[in-house]
Amino acid sequence: MQCADIFFLKADICQLGMDQRKVNVLAREYCDSIKRKNKPIILSHPMLMGLKQGQEKMSKSDPESAIFMEDSEEEVRLKIKKAYCPPGVADLNPCLQYVRLVALPWAGHFELLRDEGNGGNKRYAQYAELEAEYCAGAVHPGDLKASLVAALNAILQPVRQHFASDANAKELLKKVKSYKVTR
């Protein structure tokens, strides 16, 4: 059904997680068998883990486990504040993963925001340096979370502005939010 969706929706670009890559490849191979020249373009990206402990991937059926494009600044703050972020542990740490896969690539750096008494702000151009300092205890989970909130809200601000200022987009968002998520 997922493969059929690509053709039913007349999708020319399929942007999905790596877990959907086989379906995308199947759609492209099907194009060969039916002699279709315009194959869908596949854009596969890493899966983000859920924000809660033990969630290997985000779940749209659990709104607290992920950051959504339409989340308000306060929703982002609350979700990241509650997120699993064990001190000194990088493995299966969703906050560090969001920095590595979203915040740092978006801005080209990650700005750790902290009081002067705690070392002041620090800019990381490479994720490995942040991870090493986090694992060594030089970066506190609270500082990492607050900095991640700032980075994510900066990324989402143009989206929020679009939905606030464009009547069609605002109506579409209202419609999408009215849908019930099922498992």
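Could you list all residues from the range 46-105 that are at negative phi and of a type in the set (G, A, S)? Of everything in the range 46-105, those that are at negative phi and of a type in the set (G, A, S) turn out to be G50, S59, S61, S65, A66, S72, A83, A90, A103.
S44 meets the conditions (1) among the hydroxyl-bearing types (S, T, Y); (2) more than 30 Å from Y84 (Cα to Cα); (3) in contact (Cβ under 8 Å) with a residue 12 or more places away in the chain in every case but one. The failed one is (2). Among the criteria (1) surrounded by fewer than 17 Cβ atoms within 10 Å (Cβ to Cβ); (2) touching a strand residue (DSSP E or B) at 6+ places or on another chain (Cβ under 8 Å), the one A151 does not fulfil is (1). From the list R183, R123, the lone residue that is assigned to a loop (DSSP other than H, G, I, E, B), under 22 Å from the mean Cα position of the chain (by Cα) and either at pLDDT 95 or above or not assigned by TED's automatic domain parsing to the domain that holds E75 (or both) is R183. Exactly one residue out of N38, N24 is over 29 Å from Q157 (Cβ atoms), buried (at least 16 other Cβ atoms within 10 Å of the Cβ) and outside the structural domain of I155 (by TED's automatic domain parsing): that is N24.
Against the condition in contact with a Pro (Cβ under 9 Å, 6 or more places away or on another chain) and assigned to a helix (DSSP H, G or I), how does A103 come out, does it pass? The answer is no for A103.
Just so you know, in the range 106-120 the residues that are outside any helix (DSSP H, G or I) and charged (D, E, K, R) include one that is farthest from V89 (Cα to Cα), and it is D115.
So which residues in the range 36-71 are outside any strand (DSSP E or B) and small (G, A, S)? If the condition is that a residue be outside any strand (DSSP E or B) and small (G, A, S), then G50, G54, S59, S61, S65, A66 are the ones that fit.
The values are calculated or read from the model by the stated rules, or taken from the named source; none is laboratory data. Small disclaimer: the values here were computed from a predicted structure and weren't measured. Backbone-built Cβ (ideal geometry, glycine too); neighbour counts: all protein chains shown.
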